[in-house]
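Here is the structure we will look at, set down as structure tokens.
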Amino acid sequence: MIAVRETGGVTVVEVDGEFAERTAEEFNGQINTLLAEGHTHVVLNLHRAQWTSLKALKWLVAHVRNFRSRNGDLKLAGLNPYLANLLELTGTLTLFDVYPSVEDAVAGFDLVVAQAAK
């Protein structure tokens, strides 16, 4: 299940349960919609995500590049040990800004959001 909410000028996308094929496709569509609507500051909360597919990981890498090419970012929050290990083993962990909580990840955007408001 995927839920989307706004907080402090940042869009938070939450994955609850298996981040596998069907959920990854739903996530991919949601991210594409957010980008089309101009949302470029996004936190992906994976606190409740149980596992991921390589397809979902491939999309995550592509999406972080898309956000950054639009002067935004896709930050990860709440990685469990399994997902952190998967990202590390695949060499993709260094591509992401990873935070222990959604609040910390949102705070990581504070300077960017404040500058964009000027």
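Residues satisfying the criterion are present in segment 97-107 (criterion: open to solvent by less than 70 Å² (accessible area, probe 1.4 Å) and touching a helix residue (DSSP H, G or I) at 6+ places or on another chain (Cβ under 7 Å)). When 51, 59 are checked against the criterion of being exposed (fewer than 15 other Cβ atoms within 10 Å of the Cβ), among the aromatic types (Phe, Trp, Tyr) and farther than 12 Å from residue 13 by Cβ, a single residue qualifies: 51. The residues in segment 15-25 that are assigned to a strand (DSSP E or B) and under 17 Å from residue 61 (Cα atoms) can be counted, and the count is 2. A Cβ distance below 9 Å, combined with a sequence gap of six or more or placement on separate chains, defines the contacts here; from segment 60-86, residues that are in a loop (DSSP other than H, G, I, E, B) and among the basic types (Lys, Arg) reach residues that are open to solvent by less than 20 Å² (accessible area, probe 1.4 Å) and at pLDDT below 95 in the pairs 70/35.
With the requirement that a residue be open to solvent by 10 Å² or more (accessible area, probe 1.4 Å) and touching a residue at least 40 places away in the same chain (Cβ under 8 Å), what does segment 16-46 give you? Correct list: 41, 45.
The values are calculated or read from the model by the stated rules, or taken from the named source; none is laboratory data. Note that this is a predicted model, so its numbers are computed, not measured. For neighbour counting, all protein chains shown are included, and Cβ atoms are generated from backbone atoms with ideal geometry for every residue, glycine included. Only protein heavy atoms, including side chains, enter the accessible area calculation; ligands, DNA and RNA are left aside. Shrake-Rupley method; radii C 1.70, N 1.55, O 1.52, S 1.80 Å.
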